[in-house]
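Only one structure is covered here, and it is reproduced in the block below.
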Amino acid sequence: MSRSSYTLEQLRNPETRYEAFGAMVRSLTPQLYSQIRRIVQYHDDADDVLQNTWLKAWQNLDSFRGDCLLTTWLYRIALNESLSFLQRQHPADSLDNEEGEAARTLESDPYFDGDEIELLLQKAIATLPDKQRIVFNLRYFEEMKYEHMSRLLDTSEGALKASYHLAVKKIEQFFHEAD
Amino acid sequence: MTRTFNPSQPVPTHDPFKVPEGYFDTFADRMMARIAMTAPAAPVFGWLRWLPLAGAACVTALSLFFVEVTAVQGGSLGEASAWTEETSGTSYEDQAYDYMMMANAHILTDYESDY
């Protein structure tokens, strides 16, 4: 029978680590997936990034010092993996190409079930630079406080506010041009 | 219909991102099967992180050793070493690189001149 709960002690103990980690995967996968999916947008990509996130967490479990919440640590790994994925996807290509690719794929994605406005918003988000995209998602959809975001992304609150403001302006402009 | 984006309006509660049926039910088992084949990074291997630094220290020590040898030989065997350099075209520095099995010693030279 699989374990349904886990503690940090169990995760640190080699005897109980595997089972406790399994319980953690079962418990936190939906919220990590949701976070990753908002950034990478497509299910197959989110599945890859999610697996890499858990793999990194498993491989680096001993380096978790406990100076933040375990969920915060996992969140940070997920964000870094998402960012790495985006950077691998389009290392140096133009925004026009990214936008076209996102629009083409999202509309035909069987796992995207958004209305016209939601589709337009996702298209607009896809045009944002990678880090701006992450900041926008955390702030707009998850309503994360800048203070928390600052610790998570190791970036000053001022820079995050500026980044979010720029992202909003770009999205407003995108909607304006699409109208 | 006018389509506008207003960030001060409430965030839509509808999540347009769907997952294949049963995805979350099977994910943990698939993930743990993959993890079972991967050993976690054990602290016992922590010393491996110092390996590159130790390598660099060895190279530096060897370089200093050969510089020292060159200086000592330069005093008593100055003429002989000059002859060796002229005839064979191999400097002590090159010999040091040979000893360290660094066939592409010019790469180091280029690196030094670039930075």
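The values are calculated or read from the model by the stated rules, or taken from the named source; none is laboratory data. Keep in mind it's a predicted model, so treat the numbers as computed, not measured. Don't worry about glycine lacking a Cβ; one is built from the backbone with ideal geometry, like all the others, and counts go over all protein chains shown. The protein model used for the area step is the full one, side chains on, heavy atoms only, and it has no ligands, DNA or RNA in it. Shrake-Rupley method; radii C 1.70, N 1.55, O 1.52, S 1.80 Å.
For the reader, a short list of remarks on this structure follows.
- Simple spin-label estimate for A:Glu15 and B:Val11 gives 4.3 nm between the two label positions (7 Å along the Cα-to-Cβ direction from each Cα).
- Surface exposure of region A:1-85, expressed per residue as accessible area with a 1.4 Å probe, stands at 44 Å².
- Phi angles of region A:29-34 translate, via the Karplus equation with coefficients 6.51, -1.76, 1.60 and θ = phi - 60°, into HN-Hα couplings of 4, x, 6, 5, 4, 4 Hz per residue; Gly and Pro are given as x.
- For the pair B and A, the buried accessible area comes to roughly 3600 Å² in total, with a 1.4 Å probe and the value rounded to the nearest 100.
- Between A:Ser156 and A:Leu8, the simple label model (points 7 Å from Cα in the Cβ direction) yields a spacing of 3.1 nm.
- DSSP loop GluC sites (Glu not before Pro) with at most 13 other Cβ within 10 Å excluded, longest remaining stretch of chain A: A:16-142
- Between the amide H of B:Phe17 and those of A:Asp113, distances stay under 5 Å, these residues lying 5 or more places away or on another chain, with hydrogens modeled in the peptide plane.
- Interchain or long-range residues, amide H under 5 Å from A:Met144's placed H: A:Arg139
- To the nearest ten degrees, helix A:43-59 and the longest principal axis of the Cα atoms of chain A are 30 degrees apart.
- Note on chain A: with a GNM built from Cα contacts shorter than 10 Å, the maximum mean-square fluctuation among A:Asp154, A:Asp67, A:Asp45 falls on A:Asp67.
- Among A:Ser63, A:Ser156, A:Ser82, residue whose mean-square fluctuation peaks in a GNM of chain A (springs only between Cα atoms under 10 Å): A:Ser63
- For chain A, modelled as a GNM whose springs connect Cα atoms under 10 angstrom apart, the maximal fluctuation among A:Ala159, A:Ala78, A:Ala57 occurs at A:Ala159.
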